[in-house]
Amino acid sequence: MLNFWSAKPIGAYQAAETFFGTTQQLTEAIARSAIPADEFEYGQFRTDLNKMAERMSLENPSDTLVTVGSVGRALEEYNGRVGRAVRQYQVELRGMVGMLTETVTQCTVASDRSKDRLHSIEHRLDKAQAIEDIRLLKLQLAECLESLRVESEEQRKVWTDQIQTLSSGLATARKSLADNQGLSPTSDHEQPGEDVDPATGLHSRRGALEALEEQLRAPDNKFAVVFSVDRAETANLRYGYAVGDQMIQLWQQLLFSWFGNSARLFRWSGPTLVVLLERETPIERLRGEVAKMCVARQEKTFHVGNRSVLMLVSASHLVLRISDFTTTNAIAKRIDSFIKDRASE
């Protein structure tokens with residue numbers, strides 16, 4: 001076969017050299033500008049195209065033309081894989097938004113409008129073709145989530161107000177009953193004239209005051225540790241007193257295991273337990289010990305009829321040194337102030 005380049009006219013040679021140089025540069029540019037959808041495939045594609053560019057030469061024009069065809073096929077195949085990868089990303093992104101939508105609609109009190117907006121964003125992801133479409137959906141999702149946050153915050157305030165109203169009503173009713181009976185306010189379950197709380201079997205506020213009166217006669221190394229079980233009153237309102245009682249009973253068992261039988265334990269009122277201790281230790285050290293105990297929160301499933309309720313049981317605490325007080329009334333006011341402060345949080 002006659003070699004076209006055997007005569008090598010200067011003009012044709014320069015044109016061919018320019019053509020092949022341009023083809024090599026174009027191939028290298030394609031390799032550099034490919035979309036890195038997958039790191040491994042992207043690296044392999046660039047390596048293959050660089051090898052193809054090296055095989056192009058003036059001495060082998062036939063092989064060069066074949067290589068140019070191979071470049072075209074490699075680019076087509078790579079773009080196909082990138083397209084499939086992008087579509088897969090789209091499917092995964094839609095799935096993530098779908099899970100978010102499902103979770104938000106089940107776990108929040110979102111309005112129908114916010115739920116519809118989330119579902120709309122989820123379905124429109126399937127039709128998103130350009131990056132501008134994705135950016136627009138991202139902006140709309142951010143606005144929707146902010147709207148959900150505001151709705152949830154407003155609903156939380158409504159619930160908080162309702163709980164405070166109910167708690168205030170219960171406290172007023174208890175005080176009114178106590179005033180009418182000529183007794184001090186007692187626990188939620190304590191009947192007038194009784195000194196033992198039926199839910200825990202512990203002596204109640206009256207018994208605690210009598211024990212405090214004894215300690216004031218010899219107050220050295222005497223302490224009162226107050227524990228108020230978190231969320232017990234909320235559990236009472238939502239699930240009934242059975243769950244609240246079980247939470248307090250669980251904390252009662254923990255106190256016995258921590259302080260032993262030498263400690264005297266009382267149910268002051270509501271979710272509040274009082275432990276009377278005698279310790280030859282500085283109050284700062286005792287406060288540190290109690291704080292470490294309260295760090296360990298208990299997660300437990302409680303049963304109410306046919307229902308099972310998983311609750312996180314924890315408690316706030318207050319450590320009082322008996323020698324800092326002169327009367328039981330002063331101690332009772334300090335404990336009641338602690339309970340009131342917690343209720344307002």
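From largest accessible area down, sort Arg285, Arg46; use a 1.4 Å probe on the protein chains.
Working: Arg285 155, Arg46 80 Å².
Result, largest first: Arg285, Arg46.
Label-to-label distance for Asp324 and Gln249 is 3.4 nm, based on points extended 7 Å past Cα in the beta-carbon direction. Taking 7 Å steps out from each Cα toward its Cβ at Leu286 and Leu93 produces label points 6.2 nm apart. Annotation: extensible slack from Val295 through Asn221 equals 24.2 nm (criterion: 0.36 nm per residue apart, minus Cα-Cα distance). If the chain linking Leu136 and Glu39 were pulled fully straight, counting 0.36 nm for each residue of separation and taking away their Cα-Cα distance, it would gain 32.2 nm.
Take the Cα of Val150, step 7 Å toward its Cβ, do the same at Ser337, and the gap between the two points is 4.1 nm.
If you take the beta carbon distance between Asn261 and Asp195 as r and set R0 to 35 Å, what does 1/(1 + (r/R0)^6) give as a FRET efficiency, to the nearest 0.05?
On the way: r = 20 Å, r/R0 = 0.58.
After rounding to 0.05, the efficiency reads 0.95.
Counting only protein heavy atoms and using a 1.4 Å probe, the accessible area of Leu254 comes to about 30 Å².
Summary value for region 192-316: 30 percent relative contact order, contacts being C-alpha pairs under 8 angstrom separated by 6+ residues.
Using only the heavy atoms of the protein chains and a 1.4 Å probe, how would Tyr42, Tyr241, Tyr78 rank by accessible area, largest first?
On the way: Tyr42 35, Tyr241 95, Tyr78 5 Å².
Descending order: Tyr241, Tyr42, Tyr78.
The values are calculated or read from the model by the stated rules, or taken from the named source; none is laboratory data. Just so you know, these numbers come straight off a predicted model, no measurement behind them. So basically every Cβ, Gly included, is an ideal-geometry build from the backbone, and we count neighbours across all protein chains shown. Heavy atoms of the whole protein, side chains included, go into the accessibility calculation; ligands, DNA and RNA do not. Shrake-Rupley method; radii C 1.70, N 1.55, O 1.52, S 1.80 Å.
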